[in-house]
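The values are calculated or read from the model by the stated rules, or taken from the named source; none is laboratory data. Quick caveat, the model's predicted, so the values are computed rather than measured. FYI the Cβ positions are ideal-geometry reconstructions off the backbone, even for glycines, and counts take in every protein chain you see.
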């Protein structure tokens, strides 16, 4: 091979046809008569110029990729090449389709081994993302299958190729470029004797695809979190406490945060006026304030244009005491969440009951989960939420000692790694005189990330100063999670052994 002076990826032009035909004849050694006519190439370029590209080395064509956009649901799962190309007329192309379908790709023999094919496939992926299509698909030949067809079914052949027991140059290349086999297609390509008339439907999913919506709304991809590290201090009444809460909502909203996260039992100082009662009686008196607090938080979420996670508060339901919180969305809607596991101390001193419902929540910043304090120490809960599509897990907590804090902190960081999500924790700090069972608090609010190249090496996006009243602001990029799910160094969500174990709601 002569010295390479330049490599260029460029759009195919009809003026290139004579050279393109020669390159196709050189490349199709097992099917020498299967080259495109000039009228067909002209039709392709006219219908979809962005989908037809060539790689030139020293200004000579070295490879080519041809594509269509199709409405994928219009085709049977076991379609043929002839059907997908509209009997080779490309009438199946539609700008309103949802899948970029590859109809041809080749590299001239003398230029193979230079990873030129990867450049062509990378272009297709980038084009798919740019056009907001659901993915890329094509029927991949399995040219070595004829050597094994007497002893192996196509399914077994593909399995052996994936386990590296058999070498198939085409299929190996596709899998190494992140395409996954989804179906075996019989009689896909006429005259493909080397593949024994079989092909493999290969697909690549666009993790950035957004289904077109009729609503004038957009799901945010970079989400700003505002964590309130709340100072426990005496408040004379609910109005004074909510004045302080509004101060923090105002502050994080001023930084254009999408969420404000308050800690567990942030309103505990209001129990001081009932300190003459038993602990169980005092917290039930505090529960009488919950409805009004939620009402005021909902008003704040609308007026400050921010989603508020209210931490948690005691609440009476049918004569039983629960630890609950509310998601107050900035559109005015409100949803409730519960603490599902209560600590021995909460059960013994207050008589708190276990909650009953675990659920994720849709927001204008994607799907979130909320687990109150002790619940973060049970990995099954966050795994279920991750399976429902959770991107951000919020953990409002209340811990008195560093021991307790370390449990919440370390478990929350583990949840970020194992579920490939962001986790935000917020707690209360300081001392609280004249409130039984709430004497001291220890906290360091933090935002955790997965541990991979796109994230901080230690998995910590941001951290507050320990045991000091403050707010913590941090941006998290949801698209980085999509990349991690698909291309991470390890893939904790994908690689679970569902054949051995599973976690699900009852």
Exercise. How many residues does the range 161-170 contain that are loosely packed, with under 15 Cβ neighbours inside 10 Å and either in contact (Cβ under 8 Å) with a residue 12 or more places away in the chain or closer than 17 Å to residue 182 by Cα (or both)?
Worked result: 3
For this session: Would you kindly identify the strands (runs of 3 or more DSSP E) lying entirely within the range 134-213 that contain at least 1 residues that are modelled with pLDDT under 85 and in contact with a strand residue (DSSP E or B) (Cβ under 8 Å, 6 or more places away or on another chain)?
Result: 135-141
Exercise. Take the residues of the range 413-428 that are assigned to a loop (DSSP other than H, G, I, E, B) and in contact with a strand residue (DSSP E or B) (Cβ under 9 Å, 6 or more places away or on another chain): which is surrounded by the most Cβ atoms within 10 Å (Cβ to Cβ)?
Worked result: 427
Seminar exercise, completed: Scanning the range 122-138 residue by residue, the ones that are under 17 Å from residue 64 (Cβ atoms) and touching a helix residue (DSSP H, G or I) at 6+ places or on another chain (Cβ under 9 Å) total 4
Exercise. Just a yes or no: is a residue in the range 330-345 in a helix (DSSP H, G or I) and assigned by TED's automatic domain parsing to the domain that holds residue 228?
Worked result: yes
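Could you list all residues from the range 401-412 that are out of contact with any helix residue (DSSP H, G or I) (no Cβ under 8 Å at 6 or more places or on another chain) and either assigned to a helix (DSSP H, G or I) or surrounded by 17 or more Cβ atoms within 10 Å (Cβ to Cβ) (or both)?
Hits for the range 401-412 are 402, 403, 404, 405, 406, 409, 410.
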Exercise. Given the conditions (1) farther than 21 Å from residue 236 by Cα; (2) in contact (Cβ under 8 Å) with a residue 40 or more places away in the chain, which single one is not true for residue 272?
Worked result: (1)
For this session: Just give me the residues in the range 174-196 being over 16 Å from residue 157 (Cβ atoms) and touching a residue at least 40 places away in the same chain (Cβ under 8 Å), in sequence order.
Result: 177, 178, 179, 187, 189, 190, 191
Exercise. Pick from 229, 244: which is over 34 Å from the mean Cα position of the chain (by Cα), modelled with pLDDT of 95 or more and surrounded by 14 or more Cβ atoms within 10 Å (Cβ to Cβ)?
Worked result: 244
For this session: Kindly indicate which of 467, 437, 431 is surrounded by fewer than 20 Cβ atoms within 10 Å (Cβ to Cβ), within 30 Å of residue 280 (Cα to Cα), touching a helix residue (DSSP H, G or I) at 6+ places or on another chain (Cβ under 6 Å) and assigned by TED's automatic domain parsing to the domain that holds residue 381.
Result: 437
Exercise. Within the range 330-368, which residues are closer than 16 Å to residue 308 by Cβ and buried (at least 20 other Cβ atoms within 10 Å of the Cβ)?
Worked result: 330, 337, 361, 363, 365, 368
Exercise. Hey, residue 223 hits all of (1) within 18 Å of the chain's Cα centre (by Cα); (2) part of a loop (DSSP other than H, G, I, E, B); (3) in contact (Cβ under 8 Å) with a residue 60 or more places away in the chain but one; which does it fall short on?
Worked result: (2)
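Residues checked against (1) over 30 Å from residue 3 (Cα atoms); (2) assigned by TED's automatic domain parsing to the domain that holds residue 199; (3) under 33 Å from the mean Cα position of the chain (by Cα):
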{"position": "59", "(1), (2), (3)": "no, yes, no"}
{"position": "73", "(1), (2), (3)": "yes, yes, yes"}
{"position": "84", "(1), (2), (3)": "yes, yes, yes"}
{"position": "89", "(1), (2), (3)": "yes, yes, no"}
{"position": "97", "(1), (2), (3)": "yes, yes, yes"}
{"position": "107", "(1), (2), (3)": "no, yes, no"}
{"position": "120", "(1), (2), (3)": "no, yes, yes"}
Problem set entry | Condition broken by residue 345, with the remaining ones in (1) farther than 23 Å from residue 243 by Cβ; (2) touching a strand residue (DSSP E or B) at 6+ places or on another chain (Cβ under 6 Å); (3) at pLDDT below 95 satisfied | (2)
